[in-house]
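The values are calculated or read from the model by the stated rules, or taken from the named source; none is laboratory data. Just so we're clear, the structure is a prediction, and the values are computed from it rather than from any experiment. No Cβ is skipped: glycine too gets one built from the backbone with ideal geometry, and neighbour counts run over all protein chains shown. These accessible areas exclude ligands, DNA and RNA; they are computed on the full protein's heavy atoms, side chains included. Shrake-Rupley method; radii C 1.70, N 1.55, O 1.52, S 1.80 Å.
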Amino acid sequence: CSRWEEEKKEDGVKWMQLEHRGPYFVPLYEPLPEDVRFYYDGKPLKLSLATEEIATFYAKMLDHEYTTKEIFQNNFFHDWRMEMTSEEREIIEDLDKCDFREIHKYFVEKNEARKALPKEEKQKLKEEADKIQEEYGYCILDGHREKIGNFKTEPPGLFRGRGQHPKMGMLKKRIMPEDVTINCSRDSKIPEPPEGHKWKEVRFDNTVTWLASWTDTIQNTLKYIMLNPSSKLKGEKDWQKYEVARRLKDVVHKIRAQYRKDWKSKEIKKRQGAVALYFIDKLALRAGNEKDEGEAADTVGCCSLRVEHIQLHPWLDGQEHVVEFDFLGKDCIRYYNKVSVEKLVFNNLQLFMKNKDPTDDLFDKLSTTFLNRHLQHLMDGLTAKVFRTYNASITLQEQLKALTNPEDNIAGKLLSYNRANRAVAILCNHQRSVPKTFARSMQVLQEKIDAKKKQVEEAQEELKKAEDEFEDTKDAKAEANVEKKKKLLKRLEEQLAKLNVQATDKEENKQIALGTSKLNYLDPRISVAWCKKFGIPIERIYNKTQREKFAWAIDMTDEDFEF
């Protein structure tokens, strides 16, 4: 039997045997050479080791936008002073008088030198990294050797956060064995902590899938070492996620009928839940959990929308009952959208906004917990996220049916695939900033197109000459020459078409991130089936890492799969 279909364990038990080496700790700090100095108020100042290490974190980021932000500077300076000796603290009182430029230059040059290493040296470094990967990057889980996802602890540094994160610039301390809890099986060889250290705790908990964990001191959250996405455990979890979304397909019409009915409910809480669910279903919004103020950036989801985040237009751009959304969603990505909604939804929103201030909650009677409990009641395992997965996958499947032309060549079919993927990314609001290299690479592509056009024109002239010659002589050699020139022209025209498709694809894709939906929201079986049906090599859709993650789907899917 395939590794995806081995015997099932009893509920809650994730493994019977788990053995690993524990996390790989990043190397300790190497002091700066004597001739690389830190200056305070124009004078060189020798720093203690701990203070110097933190100074290098800031120095490395000098050419980054972060170090220009006041929040970042203040948080860094506060945390840096906490780690200084009392003598240093007396001298260093003003960040503006600190000069990190020499340290910055040292690291830039060190980086350049590493890039410029001869091939043999780079190969040596790669071999060393591979050795660490071999030793720490695998575990034994129920007799299978499985790859671990992130087996290294995070190096110390300055916290960045996304968007205007209130904690940016704070010091992320080095993780020590004393911070780490190990999880493995009782009868396994328990990992040894580095010499002179001990683990915080060793557990034998087979109801969880993590191998080690520690507390992130900045966010106060737990960080875990988990298995790689290609592992059997993660693959099964992924497969289950899409199976739950497929179950939604059978009941979604009932759920939609129910929330429409609830728009007219006598209970305001029910109405709010029904409108929120309509947004989650129609616009693939995230649920939006409650967050502590000052702990994270001010981002919202559906349930946490405030009155200021939407505007109502009875009539706009030739459509009626338009809701204009404008808010910062997960990772501080702006969600801006104008949507024509049903009249009852529009009326309800007017009611929910009545006599409220801009900063009041739109759905003031509603919490994510209440909404998810309600969803669980509608279908076992249903959460707001399942709607996102379901709507993303179903959109991909429908778009592929609508856009794929069986007559197209591979390049044309791939463009259709990317367009279907783009429709999903737009639905899920997966944006990216235009890559810095975009203009240059577009220009290179345009130059290739121009050169190819010229070749096509020349080939057309050559063909015309050959045909004229054949008209005059009517001999076999001239006829063969005509055929040869025709073939050449056809080949060049195909190459030109392919380049044009590439340019279209690149332009349409510059602000859209396709990867997020591809990895997290789209049932891979839809893509595998599409590839098999139209004879497209899977590696044109999924790179090596993605093929490993989706091995379960590639193994079990034929071209007739329907989500």
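Summary of computed values
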{"item": "Relative contact order (percent, whole number), the range 392-556, Cα cutoff 8 Å, 6+ residue spacing", "result": "33 percent"}
{"item": "Per-pair calculated FRET efficiency, R0 = 35 Å: E324 and Q219 via Cβ, rounded to 0.05", "result": "0.60"}
{"item": "Label-point separation in nm, L519 to M16, each point 7 Å along Cα→Cβ", "result": "3.4 nm"}
{"item": "Cα Rg, Dmax (largest Cα-Cα span) when computed across the range 78-178, Å", "result": "19.9, 59"}
{"item": "Theoretical gain in end-to-end length, F438 to D187 [0.36 nm per residue, Cα-Cα removed]", "result": "84.9 nm"}
{"item": "For the range 208-247, convex hull volume per residue from C-alpha positions, Å³", "result": "94 Å³"}
{"item": "Square roots of 5 times each gyration tensor eigenvalue, C-alpha, the range 38-117, largest first, Å", "result": "23, 15, 11"}
{"item": "Long-range HN-HN contacts of R160 with modeled amide H, under 5 Å", "result": "G169"}
{"item": "Computed accessible area, R145, all protein chains, 1.4 angstrom probe, square angstrom", "result": "130 Å²"}
{"item": "Rounded Å value of the spacing that divides the Cα centres of the range 196-216 and the range 9-52", "result": "19 Å"}
{"item": "Expected-Rg normalisation [2.2 N^0.38 Å, Cα atoms] applied to the range 234-387", "result": "1.07"}
{"item": "Mean separation of Cα contacts under 8 Å, 6 or more apart, over the residue count of the range 38-117: relative contact order %", "result": "48 percent"}
{"item": "Area projected by the alpha carbon convex hull of the range 392-556, averaged over all directions, nm²", "result": "12.2 nm²"}
{"item": "Peptides 416-429, 337-350, 300-313 ordered by average Cβ neighbours within 10 Å, highest first", "result": "416-429, 300-313, 337-350"}
{"item": "Inverse of mean 1/r across different Cα pairs in the range 167-310, Kirkwood, Å", "result": "19.9 Å"}
{"item": "Within the range 406-563: Cβ-based charge dipole about Cα centre, in debye rounded to nearest 20 (Lys, Arg +1; Asp, Glu -1)", "result": "920 debye"}
{"item": "Translational D in µm²/s for the range 440-492 (Stokes-Einstein at 25 °C, 0.890 mPa s, Kirkwood Rh from C-alpha pairs)", "result": "202 µm²/s"}
{"item": "Solvent-accessible area, 1.4 Å probe, carbon plus sulfur percent, for the chain", "result": "49 percent"}
{"item": "Kirkwood-based shape ratio for the range 1-136, expressed as Rg/Rh from alpha carbons", "result": "1.18"}
{"item": "Accessible surface, the chain, averaged per residue in Å² (probe 1.4 Å)", "result": "57 Å²"}
{"item": "Gain upon complete extension [Q460, N500; 0.36 nm per residue less C-alpha separation]", "result": "12.5 nm"}
{"item": "The range 234-387: relative contact order as a whole-number percent, Cα under 8 Å and 6+ apart", "result": "26 percent"}
{"item": "Efficiency of FRET from Cβ geometry, T68 and K43, R₀ 25 Å, rounded to 0.05", "result": "0.50"}
{"item": "Cα-Cα separations in the chain greater than 35 Å, expressed as whole percent", "result": "57 percent"}
